[in-house]
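Here's the structure, in structure tokens; my notes come after.
The values are calculated or read from the model by the stated rules, or taken from the named source; none is laboratory data. Keep in mind that what you see is a predicted model, and the values were worked out from it rather than measured. Because the Cβ atoms are built from the backbone with ideal geometry, glycine has one as well, and the counts that use them run over all protein chains shown. Please note that ligands, DNA and RNA were not included when accessible areas were found on the heavy atoms of the full protein model with its side chains. Shrake-Rupley method; radii C 1.70, N 1.55, O 1.52, S 1.80 Å.
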Amino acid sequence: MSVKPFQIRGRFFTAVALRPEGDADQAFYDALDVQLRHTPNFFANAPFVIDLEQTDSLTEARDLVRLIEEMRHRKLSVFGVQNGTATQTATAVKAGLISLPSGRDVPVDRVERSVRQAPEMPDEAPEAPQPASLLITEPVRSGQKIFADRGDLVVVSSVGAGAELIAVGNIHVYGHLRGRALAGVNGDTTARIFCQGLDAELLAIAGLYRTSEDLGPAIRKQRVQAFLMDDKLCVEPLK
Amino acid sequence: MAKIIVVTSGKGGVGKTTSSAAISAGLAMRGFKTVVIDFDVGLRNLDMIMGCERRVVFDFINVIQGDAKLKQALIKDRRLENLFILPTSQTRDKDALTRDGVEKILNELREEFDYIICDSPAGIERGAHLAMYYADEAIVVTNPEVSSVRDSDRVLGLLNSKTYLAEKGGDNTVRSHLLLTRYDTQRVARGEMMTVEDVLEILAIPLLGIIPESSTVLRASNVGMPVVLDEKSGAGKAYEDAVSRLMGDQIEMRLDSGERPGFFQRLLGRTA
Ligand SMILES: Nc1ncnc2c1ncn2[C@@H]1O[C@H](COP(=O)(O)OP(=O)(O)O)[C@@H](O)[C@H]1O
Ligand SMILES: [Mg+2]
């Protein structure tokens, strides 16, 4: 058995995408400054990619180099481009950036959280796993959507009609569940939904769902769990 | 420094403007210098309910756009020494409201008033958003029926996320109170409307008051008088109690029938 002097690990980070629409001209930089003034320190040290989807310019090396310099000057740590044309991408690679696949958009407040955490992560404990579950202690109101994108979702309150809970893992609600709950959204058929009072509009596990209409009156307002058995979504009272 | 209170609901026609008028009059009667602002651009209503529609020269939007000074647009109530109204425009639309403009006016008003009451338009769009944005407290006006409760729940979510205090992310959040209006004990008894307990169970915020359905409300608004000024009105009395609770007084809830709903009193004793 040999000991390697390093380890290689896959690691996920949240990056911020800057998507210019048109030329990176003075108006663009002015608008960028206005944005940064509104949210000072918000983006400091955040990993940035330039999303070229909405612009045809920035094909010239000097324009792109200027954009990179201007961003770095504003403490925006740009490291890659995406969605560029062949010419744009080639220029970017020459300028020292890497070309990235498209990625997925998330609300910027979630980016804010991970960005804010980033600089605080201690170097000496790189292995400390982030908790994968998401804990919500306030009532989830109609129109709100909560997404536990890596594990369980635990709500220690009620969930209003018209609210939506989504989790890669299980969903636990220690209050009335009146909205929608979708567990195992990445296809985990062992995921379950638990709640203290069932009045849900919809329950779904790994894509199989039942709506309030076919949940029936017998289990209404009961403490229940929902799970999949033989490709069927079962809802049973908790004893 | 003034306290900014938004009167909001999501749903239209539930009694926001009626409540804004009654509560600001109630505050003024207690000696607080109070201004009530109509955020419902395009649907001037508040000045009518306050009986000053014939005295409107300049409005909120004129002030935002710099066409008039705030002092010129504020209308002093003829009955109550401490009460002022900032009417809205009937001819413009909600796009004329800007966050900076609203902030500037509220800052100016904060210097001079004890309470600033913002009468929100229905919906959750720009006008409603700006009405709640700078609020310290919110009075969520709800009728005891499913769609109104649902909309109030939605608005509570926005109060917790889309306001200045929420975005700032400190310890201060917008304090929300429930004002249950148009409460008809007979229809509730017949099961046509939701009970207080049902509504409280869903919304889970402290109850500021229960305003009975009452013909005195319509009568008062027809003569342009906030209903608290009508001493014989049960609704007026209920608004007065609500104002007292807003001040932190512990006052027992009562319904217009005189019956005391002991259960929800205990269920959600005010934490104020
Ligand atoms: N407690 C009440 N009893 C009877 N009618 C009421 C009561 N509260 C409000 N109303 C009536 O309901 C209608 C809508 O009220 P309003 O205050 O304009 O609602 P909003 O501002 O929420 O749209 C008005 O005709 C008003 O007179
Ligand atoms: Mg109104």
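Whole number please: convex hull volume per residue of the Cα set in segment B:111-243, in Å³?
Hull volume normalised by residue count: 134 Å³.
Taking 7 Å along the Cα-to-C-beta vector as the label spot, tell me the B:Arg30-A:Ile219 distance in nanometres, rounded to one decimal.
4.9 nm
Which of A:Ser142, A:Leu153, A:Ile205 sits closest to the plus end of the dipole of segment A:133-235, meaning its Cα is farthest towards the positive end, when Lys and Arg get +1 and Asp and Glu get -1 on the C-beta?
Final value for the positive-end residue is A:Ser142.
Once you order the gyration tensor axes a ≥ b ≥ c over the Cα atoms, which shape class does segment B:20-136 get: rounded for a/c under 1.5, otherwise prolate or oblate by comparing a/b with b/c?
rounded
Hey, with R₀ at 51 Å, roughly what FRET efficiency would A:Val93 and B:Val57 work out to, going by the Cβ-Cβ distance, to 0.05?
0.20
Working from Cα positions, state the angle (0 to 90°, nearest 10) between the long axis of helix B:16-29 and the longest principal axis of chain B.
Long axis of B:16-29 versus the principal axis of chain B: about 80 degrees.
Rounded, prolate or oblate: pick one for the protein assembly as shown, where a ≥ b ≥ c are the square roots of the eigenvalues of its C-alpha gyration tensor, a/c under 1.5 means rounded, and failing that, prolate if a/b is larger than b/c, else oblate.
Judged from the Cα gyration tensor, the protein assembly as shown comes out oblate (a/c at least 1.5, b/c at or above a/b).
Once the whole set of protein chains is in place, how much accessible area is left on B:His129, using a 1.4 Å probe, in Å² to the nearest 10?
Estimated to the nearest 10 Å², B:His129 gives 50 Å².
Quick one: what are the phi-derived ³J(HN,Hα) couplings along segment A:56-62, Karplus 6.51/-1.76/1.60 with θ = phi - 60°, whole Hz, x for glycine and proline?
So the Karplus estimates, Gly and Pro as x, are 9, 7, 6, 8, 7, 4, 5 Hz.
Once the Cβ-Cβ distance between B:Ser161 and B:Leu255 is put in as r, and R0 is 35 Å, what FRET efficiency do you end up with, to the nearest 0.05?
That gives a FRET efficiency of 0.55.
Suppose only helical runs count, i.e. DSSP H with n ≥ 4. What mean residue ellipticity at 222 nm does that imply for chain B under -39500 (n - 2.57) per run, divided by all residues and rounded to the nearest 500 deg cm²/dmol?
Helix-only estimate at 222 nm: -11000 deg cm²/dmol.
Quick one: 3J(HN,Hα) in Hz for segment B:198-205, Karplus 6.51/-1.76/1.60 with θ = phi - 60°, rounded, Gly and Pro as x.
4, 5, 5, 5, 6, 7, 6, 10
Just to be sure I understand: of the beta bridges DSSP finds with both ends in the protein assembly as shown, what percent are antiparallel, rounded to 5?
Once the DSSP bridges in the protein assembly as shown are tallied, antiparallel ones form about 20 percent.
According to a simple spin-label model (label point 7 Å from Cα along Cα-to-Cβ), what is the distance in nm between A:Ser77 and A:Val65?
2.4 nm
How large is ³J(HN,Hα) for each residue in segment B:55-68, as worked out from phi by the Karplus curve 6.51 cos²θ - 1.76 cosθ + 1.60 (θ = phi - 60°), to whole Hz, x for Gly and Pro?
Once rounded to whole Hz, the list reads 10, 6, 10, 10, 10, 3, 5, 4, 5, 4, 8, x, 7, 8.
Figure the gain on full extension for B:Asn172 and B:Leu218 (residue separation times 0.36 nm, minus the Cα-Cα span) and round it to one decimal in nm.
The B:Asn172-B:Leu218 span can extend by a further 12.8 nm.
Can you tell me how segment B:12-58 classifies by the Cα gyration tensor, rounded, prolate or oblate, using a/c under 1.5 as the rounded cut?
It comes out oblate by the Cα gyration axes.
Using a 7 Å offset from the Cα along the Cα-to-Cβ direction at both B:Arg79 and B:Asn107, what is the distance between the two label points in nm, to one decimal?
Label at B:Arg79, label at B:Asn107, 3.6 nm between them.
Averaged across B:198-210, how many Cβ atoms of other chains sit within 10 Å of each residue's Cβ atom?
Other-chain Cβ atoms within 10 Å of each residue's Cβ, averaged: 2.
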